[in-house]
Structure formats: C-alpha cells, structure tokens
Amino acid sequence: MPTDRTVMALTFDGGANDEGATRILDTLASTNTPATFFLTGQFARAYPAQSRAIAQKHPVGNHSDTHPDFTTLSDADLRAQLSRGHASIEDATGVDARPYFRFPFGARDARTIRLVNAECYVPFRWTVDTLGWKGTSEGQSTETVLRRVFDGASPGGIVLMHLGSHPTDHSTLDADALPGMIWGLTQRGYTLVALDEVLPDRP
C-alpha cells in the first residue's frame, strides 16, 4: 500500500476449502480486526454460507473462477474467468467484488493487468506470504508463519494468508497463527486495515 503510515493489511484467499474460515472470522470479530478476502467463484459456489458470512463483515474481491494462471489465458478466456467468478461471488454474497482482484499464483504481466483494469478491477498482490499453505508436512508451523510476518512487517505491507487447509495434512496454520499475528503486529505499533484504505473515495 502506498503509505508511510505504520499500517498493514491482512488478506485471505479462498479457493480450495473453508476448513480454517470459521476460526479466522471468529478471531477477526473478537479482536475487531479488519481484513480483505479474495474468493474464487468455485469457492463461492461450494461454500455460499461461509462466503456470505465473510462479505457481511469484510471487503470481498474476485480471485478468478477456477484459479488458473492468467498469463496462460487468451484475452477471451481471461474475461470469462473474471465474469464467472464475479457472478458466483455476487450470487453467494449479494455484493459486487469489484474493484478488488488478486491474480491466482500472483502471476501477471502487462497484458493481464491491462485487461483486469479494463474490467474495473484493481489487482492487489502482497509483500509477505506466510507460506502457511505449505502445511506442516512441508516444514511449516505456527512459529514459521509468525516469524515470516514479523520479519517482513513494513509500513503499507500486505500479508497473504489462506482460508483453507493443506490438502493432505489438513493443517490450518494461518488460522492457528492469526491471534498471535494480530497481537504481535499491534505490539510492534501497526494498525491493521482493510484494502479499501488505499482506494480513492467513490460516489
């Protein structure tokens, strides 16, 4: 985020499953912490109630329909991914996902950014990936998640986390680490904000 203020944004991608989502929402609610969520259309179709619960409290963005690498898609296929993802998110949540967008895998180039912008989306990447998605089976832990976030903390930083569990070990390290993360960042002087903080005021 383009700021010198000691603020950071917590963001969550929803694509695979929702096994950490309830605890994440509960933690955010109990600590009165804002966050921003990027959902795939596939996630919204699979978990409509959870998607609605997210959108009732937090900004929701489009993370594509089925999470492909956008740099490999034709212009038409890219627009279809945006359109189908948007429709499913709106059907599940009742909200318009624009202008928030996150490229699957973070994969983007000048062409894909231009096409996404043309569909009235602002793409948001991240400054810190917790790597919680790798799970305990790939050597991660609550401690490694927290260390990455605290070591990577900076004014305007954006933290990438995930709502789901690891597909084989079923660990939910981002959900596990979230209470300590919020406490640790606030102790370091950071105010946590949603990404609407950096968008211009809209009518």
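What follows is calculated from the coordinates using simple rules that are stated; it is not laboratory data. Predicted model, so just to flag it, every value in this text is computed and none were measured. FYI the Cβ positions are ideal-geometry reconstructions off the backbone, even for glycines, and counts take in every protein chain you see.
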**Request:** State all residues of the stretch 1-60 that are over 22 Å from GLY135 (Cα atoms), surrounded by 21 or more Cβ atoms within 10 Å (Cβ to Cβ) and out of contact with any helix residue (DSSP H, G or I) (no Cβ under 8 Å at 6 or more places or on another chain); if no residue qualifies, say none.
**Result:** none
**Request:** Scan the stretch 176-199 and report the pairs whose first residue is of a type outside the set (S, T, N, Q) and whose second residue is assigned to a helix (DSSP H, G or I) and surrounded by fewer than 15 Cβ atoms within 10 Å (Cβ to Cβ), with Cβ atoms within less than 7 Å and a gap of 6+ or a chain change.
**Result:** ILE182/THR31
**Fill in**
In the stretch 46-77, residues that are more than 20 Å from THR27 (Cα to Cα), out of contact with any Pro (no Cβ under 9 Å at 6 or more places or on another chain) and without any contact (Cβ under 8 Å) to a residue 40 or more places away in the chain total 6
**LEU160, sole failed condition from (1) part of a loop (DSSP other than H, G, I, E, B); (2) buried (at least 21 other Cβ atoms within 10 Å of the Cβ)** = (1)
**Complete:** Matching residues in the stretch 87-125 (of a type in the set (Asp, Glu), in contact (Cβ under 8 Å) with a residue 12 or more places away in the chain and part of a helix (DSSP H, G or I)) number 1
**Residue list for the stretch 1-45, restricted to those being free of Cβ contacts under 8 Å to residues at least 12 places away in the same chain and either assigned to a strand (DSSP E or B) or not acidic (Asp, Glu) (or both)** = SER30, ASN32
**Message:** Tell me yes or no: at least one residue of the stretch 118-129 is surrounded by 19 or more Cβ atoms within 10 Å (Cβ to Cβ) and out of contact with any strand residue (DSSP E or B) (no Cβ under 8 Å at 6 or more places or on another chain).
**Reply:** no
**Message:** Return the residues of the stretch 72-86 that are polar (S, T, N, Q) and either in a strand (DSSP E or B) or under 28 Å from GLU197 (Cα atoms) (or both); say none if nothing qualifies.
**Reply:** GLN81, SER83
**Request:** With the condition kept exactly as written, say whether any residue in the stretch 83-90 is touching a strand residue (DSSP E or B) at 6+ places or on another chain (Cβ under 6 Å), of a type in the set (A, V, I, L, M) and within 19 Å of MET1 (Cα to Cα).
**Result:** no
**Item:** Scope the stretch 156-181; condition closer than 27 Å to ARG5 by Cα, over 16 Å from the mean Cα position of the chain (by Cα) and not small (Gly, Ala, Ser); matching residues
**Value:** PRO179
